[in-house]
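Working notes for the structure below.
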Amino acid sequence: MILETKRLFLRELEQADFDSLCKILKDEETMYAYEGAFDDAEAQEWMDRQFARYETYGFGLWAAVLKESWEMIGQCGLTMQPWKDKELLEIGYLFQRQYWHKGYAVEAAKACKEYAFETLGADEVCSIIRDTNVASRNVAIRNGMVAIDTGTKHYKGVDMPHYCYVVRKHGA
């Protein structure tokens with residue numbers, strides 16, 4: 001276990017989590033910000049990318065596990081993300097649709113923010129969010145972040161406007 005919140009445990013993904021991860025990545029509505037659902041190969045590639053991040057950085061997107069049932073209901077964690085001409089430490093989150101609007105993403109994202117500041121010693125952390133993803137933008141705002149920049153990411157042949165939300169460590 002990496003982190004614990006009131007209702008969640010955050011831990012590294014394991015290959016055994018593939019089916020739970022697919023409940024997120026293969027859902028069209030959940031993955032609209034990525035231009036649609038993933039297939040099995042894309043889901044495995046996503047998982048493998050997290051394993052590589054754990055090896056390289058010691059962090060990545062973690063499994064968000066509901067304490068009451070031990071079910072993996074989402075992912076939340078920290079990744080290094082390209083933004084324009086630099087790499088930024090980002091808090092990312094994806095949850096199964098049935099768990100949306102229950103505060104899990106905010107709860108997990110706040111824990112990741114504290115982990116970035118207290119454990120990793122970061123001075124700031126961001127969330128890079130597609131402009132149409134209002135729910136994720138609201139999570140960033142509830143995590144104390146402010147949109148400071150805009151840019152365009154290119155994915156699946158589509159130009160996608162994004163906002164870069166940032167929060168700085170107090171005193172940094």
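Compare Val125, Val134 by solvent-accessible area with a 1.4 Å probe and give them largest first, with all protein chains kept in place.
On the way: Val125 0, Val134 80 Å².
Descending accessible area places them as Val134, Val125.
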Dividing the helical contributions, -39500 (n - 2.57) per DSSP H run of n ≥ 4, by the residues of the chain yields a 222 nm value, nearest 500 deg cm²/dmol, of -9000 deg cm²/dmol
How big is the charge dipole of the range 26-172 about its Cα centre, in debye rounded to the nearest 20, if each Lys and Arg gets +1 on its Cβ and each Asp and Glu gets -1 on its Cβ? 520 debye
Quick one: dipole size for the range 115-157, taken about the Cα centre, charges +1 on Lys/Arg Cβ and -1 on Asp/Glu Cβ, in debye to the nearest 20. 360 debye
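Over the range 15-54, what relative contact order in percent results from Cα pairs under 8 Å that are six or more residues apart? Intermediate results must be reported in sequence, preceding the final value.
Details: 27 pairs, mean separation 13.7, N = 40.
Computed value for the range 15-54: 34 percent relative contact order.
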The farthest towards the positive end of the charge dipole of the range 28-172, of the residues Ile141, Trp100, Ala37, given +1 on Cβ of Lys and Arg and -1 on Cβ of Asp and Glu, is Ile141
Rounded to whole Å², per residue accessible area for the chain with a 1.4 Å probe reads 51 Å²
Residues whose placed amide H lies under 5 Å from that of Gly60, excluding near-sequence neighbours: Leu78
His170 and His154 label points (each 7 Å along its Cα→Cβ direction) are spaced in nm at 4.3 nm
Amide H neighbours of Thr30 under 5 Å, at least 5 residues apart or on other chains, H built in the peptide plane: list them. none
Cα-Cα over 26 Å, subset of Lys84/Lys113; Lys23/Lys169; Lys84/Lys156; Lys113/Lys153; Lys67/Lys113: Lys23/Lys169
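At most 16 other Cβ atoms within 10 Å plus a DSSP loop assignment makes a site exposed; report the longest stretch of the chain without any exposed GluC sites (Glu not before Pro).
On the way: sites that count: Glu14, Glu28, Glu29, Glu35, Glu68, Glu71.
Counting at most 16 other Cβ atoms within 10 Å as exposed, the longest clean stretch of the chain is 72-172.
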Kirkwood-Stokes translational diffusion coefficient of the chain, alpha-carbon pairs, 20 °C, 1.002 mPa s, µm²/s: 132 µm²/s
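Percent relative contact order of the chain, based on C-alpha pairs within less than 8 angstrom and at least six residues apart?
On the way: 303 pairs, mean separation 30.6, N = 172.
Dividing the mean separation by the residue count of the chain yields 18 percent.
Tell me, what % of the accessible area of the chain is carbon and sulfur with a 1.4 angstrom probe?
Ligands and nucleic acids excluded, carbon and sulfur reach 49 percent.
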Sorted by chain and number, the residues with a modelled amide H under 5 Å from that of Asp149, at a separation of 5 or more or across chains, are Cys164
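The values are calculated or read from the model by the stated rules, or taken from the named source; none is laboratory data. All values derive from a computational prediction rather than experimental measurement. Backbone-built Cβ (ideal geometry, glycine too); neighbour counts: all protein chains shown. Side chains are part of the model used for accessible areas, which takes the heavy atoms of the whole protein and leaves out ligands, DNA and RNA. Shrake-Rupley method; radii C 1.70, N 1.55, O 1.52, S 1.80 Å.
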